[in-house]
């Protein structure tokens with residue numbers, strides 16, 4: 001039956017149909033929904049889980065593959081950096097049951113801290129990488145990836161992008177294949193990568209790459225569409241869809257479904273048939289460099305940007321010189337950046353940190369929004385876990401400011417890679433204060449359960465990491481829990497821990513206001529007779545509060561009655 | 001047929017995603033090739049959000065660019081002004097007259113433009129402005145504003161009430177279904 005499916009949903013369907021037995025992932029936009037949709041299938045057929053981080057997820061999938069089952073993990077582009085260690089060596093060991101790793105790039109950085117091109121990891125790890133351009137291909141490629149993996153004894157990378165992952169298009173569902181678990185046979189030359197065994201394995205890897213190039217020359221994923229031969233386009237993934245819409249039959253196309261390794265003869269033959277050759281690929285000039293290395297002249301990044309997303313409009317303008325007309329509103333329109341939601345438990349903490357003039361070592365999650373106006377209470381954000389280890393570095397190197405500095409990190413991020421930094425703080429004794437913003441969920445990616453909230457991916461009860469006990473166990477003696485809705489308590493706790501001459505952890509605990517399990521209080525109201533228009537309540541940056549006619553107004557459709565603004569209001573104008 | 005393009009714009013949390021999925025389900029029922037492009041992650045948190053729905057015999061790019069939208073469905077006034085350049089010449093804009101202040105307006109760093117609807121009308125675009133929030137609240141929940149807007153829009157489409165309601169049933173969670181259907185019917189009576 002034909003269904004409209006997100007690319008991510010179609011990948012999950014592909015996994016199911018391919019007879020995959022195990023899926024282990026860490027959430028990350030735009031890859032998250034693959035694993036969520038995968039968990040909607042019978043767990044006895046295809047078991048799914050959220051792992052603490054991408055490295056653990058990847059290693060879990062490797063283990064399942066060695067044991068003989070088809071296995072999978074998904075991550076966003078920066079997640080692949082975390083999983084790169086097992087990945088690069090799994091390239092040497094190869095697989096038993098097929099192993100596929102999906103990596104979703106975020107061209108345009110809709111929800112990411114950088115815009116890296118994951119194809120570079122495929123080249124580095126010497127792994128085949130395939131890249132679908134719509135949902136139907138997502139399903140088809142996911143299934144084919146397992147055949148490739150088992151045929152060439154190699155983990156296969158499946159590259160996605162925001163527009164492929166988060167666009168719905170038509171998909172035809174098929175039955176699940178009955179793929180028996182392959183027998184496991186002890187083979188230390190294959191699975192134990194110590195130098196004596198890894199050296200011959202590297203030879204195998206290079207030989208495999210040559211075989212994969214041969215495969216790429218004739219594989220069904222790389223297709224030629226000949227129309228007008230004046231313009232030839234070599235492209236891949238979502239860029240193919242943009243090119244096809246922009247140029248239609250005014251151009252001929254070589255669509256590369258396999259983006260590593262790249263074919264040689266296929267490209268030469270195509271280049272010979274067309275007058276002018278364009279390489280249309282978002283981000284890095286991976287195909288272009290390959291084409292130029294073959295001595296073929298082409299138009300690439302000197303015409304098309306290295307930055308952000310392409311579109312049909314962009315390509316029409318760059319190739320055909322055609323600009324689509326449009327009407328402007330004619331005056332400045334205020335920007336609308338993302339903000340912390342009304343009732344967000346992080347809000348009060350960031351207000352307090354700003355008030356205390358703290359230097360805040362930040363991390364990845366909803367709370368990164370604490371860097372935006374009006375709170376502006378964040379100084380650094382690099383990657384998952386960097387808040388804790390970064391704070392330690394600051395305090396070790398320049399200790400005179402240690403009583404002003406804190407790290408802030410969410411519960412899921414703390415489990416992901418914050419706890420190792422905390423061990424470093426305890427072990428190497430820096431006088432650091434870490435605030436764990438425990439909202440009992442992985443928030444920014446859309447509410448996934450995690451090892452600290454007592455539920456597994458299916459919503460079933462699971463062992464919950466005891467964060468207080470964990471912090472104490474690694475050697476932090478001062479661990480305290482506060483309620484972020486109680487601003488005076490939070491301020492007193494932060495002041496005290498900053499002035500104490502030993503490492504400490506403050507766990508700021510309150511569930512995300514968007515969780516269905518959280519009961520909201522009625523929206524608060526402003527007593528206009530009492531409101532003096534001092535605008536103190538605006539300083540917390542709540543999207544539900546604004547000023548009309550000199551008086552504050554609370555939007556009843558947004559307010560969840562958290563009461564933070566009431567603590568800000570000196571005249572007592574905000575009431576239930 | 002030529003590919004048609006619909007944009008749904010609003011503020012993160014207003015339910016634009018669900019609206020685009022309902023439109024997608026309606027078009028699928030109509031036998032079209034359909035692509036629906038969504039935004040997830042950070043942009044959803046109270047920011048300006050946009051989803052694209054494209055349909056026709058064969059759809060390639062899932063995104064809509066400036067000057068390409070046949071129809072823009074805006075959940076908020078400021079967002080209608082922001083995304084106006086995406087409307088095709090002679091395109092239609094259906095907007096909810098709700099006003100949600102963005103953070104720069106809340107903090108006083110920027111001003112919310114006045115008389116947006118009048119200014120939009122002056123651009124020559126085909127504008128339908130409705131208070132969908134009022135309709136949604138009348139139906140029982142402010143959250144049904146998305147489905148109320150679809151009700152307004154549905155009257156001028158080739159699809160009958162039954163097709164729309166079937167799509168709503170498919171996409172809206174069971175417990176919110178009655179309120180949403182009511183909002184849809186109330187809004188459908190408004191001549192769009």
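Just so you know, all these numbers are worked out from the coordinates, no wet-lab data involved. Being a predicted model, the structure only gives us computed values, none of them experimental. Heads up, the Cβs are rebuilt from the backbone with ideal geometry, glycines too, and the neighbour counts pull from every protein chain shown.
Taking the number of Cβ atoms within 10 Å of each Cβ as an exposure proxy, the fewest-first ranking of A:358, A:565 is A:358, A:565.
The convex hull of the Cα atoms of the protein assembly as shown, projected and averaged over all directions, covers 33.7 nm².
Each of A:529, A:379 has some number of other Cβ atoms within 10 Å of its Cβ, and from fewest to most they run A:529, A:379. Looking at chain A alone, DSSP beta bridges between its own residues are antiparallel in about 25 percent of cases.
Test of understanding: extend the Cα→C-beta vector of residue B:114 to 7 Å, then name every residue of the stretch B:69-98 with backbone N under 20 Å from that spot. From the stretch B:69-98, the list is B:77-82, B:97-98.
Sorting A:149, A:71, B:74 by the number of Cβ atoms found within 10 Å of their own Cβ, with the fewest placed first, yields A:149, B:74, A:71. Site pair residue B:33 and residue A:67 shows an inter-label distance of 4.3 nm when each label is modelled 7 Å from Cα along Cα→Cβ. Averaging the sequence gap over all C-alpha pairs within less than 8 Å and six or more residues apart, then dividing by the number of residues, gives chain A a relative contact order of 11 percent.
For the stretch A:452-576, what class follows from the C-alpha gyration tensor (a ≥ b ≥ c being the square roots of its eigenvalues): rounded when a/c is under 1.5, otherwise prolate if a/b is larger than b/c, else oblate? Verdict is oblate for the stretch A:452-576. Modelled spin-label separation between residue A:227 and residue A:3, with each label point placed 7 Å from Cα along the Cα-to-Cβ direction: 3.2 nm. Once both axes come from the Cα atoms, what is the angle between helix A:346-355 and the longest principal axis of chain A, in degrees from 0 to 90, rounded to 10? Approximately 60 degrees, to the nearest ten. Measuring nothing but how far apart in sequence close Cα pairs (under 8 Å, 6+ apart) lie, relative to its length, chain B scores a relative contact order of 21 percent.
Using 0.36 nm per residue and subtracting the Cα-Cα separation, the extra length available between residue A:120 and residue A:204 on full extension is 28.2 nm.
Between residue B:138 and residue A:398, the simple label model (points 7 Å from Cα in the Cβ direction) yields a spacing of 6.1 nm. In the stretch A:2-218, the ratio of gyration radius to Kirkwood radius, Rg to Rh, stands at 0.95 when only Cα atoms are counted.
A full extension of the chain between residue A:250 and residue A:218 corresponds to an added length of 9.0 nm, given 0.36 nm per residue minus the alpha carbon distance. For chain B, what is the percent of antiparallel DSSP beta bridges, rounded to the nearest 5? Given both bridge residues lie in chain B, the antiparallel proportion sits at roughly 50 percent. Please determine, in degrees from 0 to 90 and to the nearest 10, the orientation of helix A:195-218 with respect to the longest principal axis defined by the Cα atoms of chain A, where the helix direction is its Cα long axis. It is inclined by approximately 70 degrees.
Would you mind pulling out the separation of the Cα centroids of the stretch A:397-425 and the stretch A:490-553, in Å? Result: 24 Å between the Cα centres.
Looking at the stretch A:222-320 only, what percent of DSSP beta bridges run antiparallel? Nearest 5 please. The antiparallel fraction comes to roughly 25 percent. Could you work out how far the C-alpha centroid of the stretch A:324-393 sits from that of the stretch B:94-163, in angstrom? Value for the Cα centre distance between the two parts: 28 Å. Relative to the longest principal axis of the Cα atoms of chain A, the long axis of helix A:54-66 makes an angle of roughly 40 degrees. Here the stretch A:18-43 and the stretch A:47-73 have alpha carbon centers that stand 11 Å from each other. Each stretch of four or more DSSP H residues adds -39500 (n - 2.57); spread over every residue of the protein assembly as shown, this sum gives -10000 deg cm²/dmol at 222 nm. Using C-alpha pairs under 8 Å with a sequence gap of at least 6, the mean separation divided by the residue count of the stretch A:346-509 gives a relative contact order of 22 percent.
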